[in-house]
Amino acid sequence: MKKVVCFFIFAFFCWLGGLICFDYKINHLTQDVTTKTDAIVVLTGGRHRLSEAASLLNQGMSERLFISGVPANVSLNALKKRGDIKIFTHKEITLDKIATNTFENARETSNWIKENNIQSIRLVTSNYHLFRSLVEFRRWNHDVKIILHPVYSEKVATSWWKSLDSFYFLASEYNKFLFAFVRAMCFNV
């Protein structure tokens, strides 16, 4: 019984150490604002993601924008009417209305990448979501160059240990990342 308790204590401290490293990494990501890509891919679900992707498109960082995870009843015109999204270009914008989670975002984006012969993408998503997204996207797109573009969110306080809500949110995202990583490494599913 003592060995089991010691194992769980050790496992907990390993997990906690990983969480601290995860927090450090997501809060020290930088944005590459000079490298152009064949496409910008933005994953819906977090604040400021769409407005950041639209801004990058307006700046000419790519000729195409792929928005993954758009609700079925939302059109491009409806997105353009939102106050936080300014699109001043006539460049190609594609809406993916099939994906409902990160795994599906990666799968549907991969299909679009193959259909359009895309060689490089800028992946725009929240900083806390970036590593899990990268794991999923790498599984589907081995040969595509992926530039990470984090969008920082006020959802996770940088002093997460002082806020129970931030701790739960960050721990949840870290656990999802671990699950995706283990699934990709061990099961390739």
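See the values below:
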item	result
Of all residues in the range 9-19 being in contact with a helix residue (DSSP H, G or I) (Cβ under 9 Å, 6 or more places away or on another chain) and of a type in the set (A, V, I, L, M, F, W, C), the one that is surrounded by the most Cβ atoms within 10 Å (Cβ to Cβ)	LEU19
In the range 165-188, the residues that are acidic (Asp, Glu) and under 16 Å from HIS129 (Cα atoms)	GLU173
Strands (runs of 3 or more DSSP E) contained in the range 80-189 and holding at least 2 residues in contact (Cβ under 8 Å) with a residue 40 or more places away in the chain and in contact with a helix residue (DSSP H, G or I) (Cβ under 7 Å, 6 or more places away or on another chain)	120-126, 145-151
Residue under evaluation VAL70, criteria (1) touching an Asp or Glu at 6+ places or on another chain (Cβ under 7 Å); (2) more than 18 Å from SER126 (Cβ to Cβ), criterion not met	(2)
Of all residues in the range 21-57 being more than 13 Å from the chain's Cα centre (by Cα), of a type in the set (S, T, N, Q) and surrounded by 14 or more Cβ atoms within 10 Å (Cβ to Cβ), the one that is farthest from SER126 (Cα to Cα)	THR37
Scan of the range 50-79 for residues that are within 22 Å of ILE113 (Cα to Cα), in contact with a helix residue (DSSP H, G or I) (Cβ under 9 Å, 6 or more places away or on another chain) and assigned to a helix (DSSP H, G or I), ordered by number	LEU50, ALA54
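Quick note: the coordinates plus some simple rules give every number you see, no bench work behind them. This structure is a prediction, so every number in the text was calculated from the model and none was measured. We place every Cβ from the backbone using ideal geometry, glycine too, and count neighbours over all the protein chains shown.
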